Amino acid sequence: MPAISGKRVRALREKLEWTQAYLAQHANVSQSHLSQIERANVTSVGSVILTSLATALNTSVDYLIETSDDPRPPRVQAIGKLKPDEEELLKLYRQIRGETFKTKSLDQIRMLLDLDRTVERERRAAARGIPSDEPVALEDRADSAARK
């Protein structure tokens, strides 16, 4: 069983401004067990708990067992370097506690993306001389015809 750093668990939890109860719920461990981990009363945990804590805290297992000093989760490292505005958006999203608010945030982002696409299609249509009161779908048909 791997040795877990309670100090790192607590530091990450506090950085996210989460209570022990909130983290325990999201990591599917009891609050009393989490408290023992953070106080170093329990230093060895099973791989399921270790993985659950790493996932909930958005970090790597290696960071929690102190074989790495990089707290970023593996999937973020695989994406590559994020732009500053992307990092900010991700940090803000991770601070949202309620699943309902996370879902609503994603819905809002999707709505903004749809609006952005519509504006871009209208801009391209205007550049081709298609009147703005015409349906945007005309541009799509024109693009299809141009590709044939």
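A short reminder: the numbers here are calculations on the coordinates, not readings from a lab. This one's a predicted model, so the numbers in the text were calculated from it and none came from an experiment. Virtual Cβ from ideal backbone geometry, glycine too; neighbours counted across all protein chains shown.
Remarks
- Remark: region 1-108 carries a charge dipole of roughly 140 debye about the Cα centre, counting +1 on each Lys and Arg Cβ and -1 on each Asp and Glu Cβ.
- Region 9-76: GluC sites (Glu not before Pro) in DSSP coil with no more than 12 other Cβ atoms inside 10 Å: E17
- Taken along the Cα-to-beta-carbon direction at a fixed 7 Å, the label points for T19 and Q108 span 2.4 nm.
- Among the trypsin sites (Lys or Arg not before Pro) within region 1-97, those in coil by DSSP and having at most 10 neighbouring Cβ atoms inside 10 Å are K81.
- Annotation for H26 and T67: the two label points, set 7 Å from Cα along the Cα-Cβ direction, are 2.5 nm apart.
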